[in-house]
């Protein structure tokens, strides 16, 4: 039953994509970003702050790394997603979020010096082709005349930001327990989000947007990460990561049922090719150097 942990985590994150879309007409992006992480910070404080205080010397040694991670994971990723929700569908948001594992692999090649593989090369080309088909709604030629929209660019930047967050987390290997590290990152995230919050035109909480803030602050920010961590502990990181491929599928189902978004052929074709590219990049691990040698000498 270990698979239920990452499965429910992915389901919560998929629902959160719908929450992000619903927030576009209910609350300012700066407001929900701030309230979400402030709520998570307050909820975690009684359980985590005492341990953080005991480890304050370790925290002070790596504070700038935790600040950078907070900027990438709690500020840029979430803010860009909420702003993008004003102009892109929840379906598109789900597919772009599914790109995060591929972007993580690509960034790992440059930052972690991970050896490039045939899967990374083919997966990148496939996913890029799928995204072009998706963004252009099945007419790639129109991208040459209209280009990418602001919402699409924001979602791609958001996914890239979170992928970089994951790569830097691995590279720095901060010597703090996971929840303590996350707590300090959230603290810095709240600080960095405060100026934008103070300049937002309307930050009022009401009956329409409060449930969105509550879901984003507790299930999506605390419960889902806890479930995901449990899945990693029980099944291993590589096996657990496969469940991320379910995000666009779950998001599409929920978006169609509750937001009444329409699935078109370009969603199936573009989204399918994009997701297949992510899987190829994850699973096909033949080093590029080996494949080149084999191509030059078939007897190798």
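Just one of the listed residues (263, 259) is modelled with pLDDT of 85 or more, over 16 Å from the mean Cα position of the chain (by Cα) and over 30 Å from residue 45 (Cβ atoms), and it is 259.
In the set (1) under 18 Å from the mean Cα position of the chain (by Cα); (2) crowded, with 17+ Cβ neighbours inside 10 Å, residue 218 fails one condition alone, (2).
Listed here are the residues, each with its yes/no results for (1) surrounded by fewer than 22 Cβ atoms within 10 Å (Cβ to Cβ); (2) in a loop (DSSP other than H, G, I, E, B); (3) modelled with pLDDT of 90 or more.
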residue: 120; (1), (2), (3): no, no, no
residue: 124; (1), (2), (3): yes, no, no
residue: 131; (1), (2), (3): no, no, no
residue: 145; (1), (2), (3): yes, no, no
residue: 158; (1), (2), (3): no, no, yes
residue: 175; (1), (2), (3): yes, yes, no
residue: 185; (1), (2), (3): no, no, yes
residue: 191; (1), (2), (3): yes, no, yes
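For region 196-208, indicate whether the set of residues that are touching a residue at least 60 places away in the same chain (Cβ under 8 Å), closer than 30 Å to residue 25 by Cβ and not in a loop (DSSP other than H, G, I, E, B) is non-empty. Looking for residues that are touching a residue at least 60 places away in the same chain (Cβ under 8 Å), closer than 30 Å to residue 25 by Cβ and not in a loop (DSSP other than H, G, I, E, B), one finds at least one in region 196-208, hence yes.
In region 209-226, the residues that are touching a residue at least 60 places away in the same chain (Cβ under 8 Å) form Cβ pairs under 9 Å with partners that are in a loop (DSSP other than H, G, I, E, B), at six or more places apart or across chains, as follows: 209/26; 209/27; 212/26; 212/27; 213/27; 213/205. Checking the stated criteria, residue 18 turns out not to satisfy the condition of being in a loop (DSSP other than H, G, I, E, B), under 30 Å from residue 86 (Cβ atoms) and either touching a residue at least 60 places away in the same chain (Cβ under 8 Å) or in contact with a helix residue (DSSP H, G or I) (Cβ under 9 Å, 6 or more places away or on another chain) (or both).
The values are calculated or read from the model by the stated rules, or taken from the named source; none is laboratory data. Just so it is clear, the structure is predicted and the values come from calculations on it, not from any experiment. Here Cβ is always computed from backbone atoms with ideal geometry, including for glycine, and neighbour counts include all displayed protein chains.
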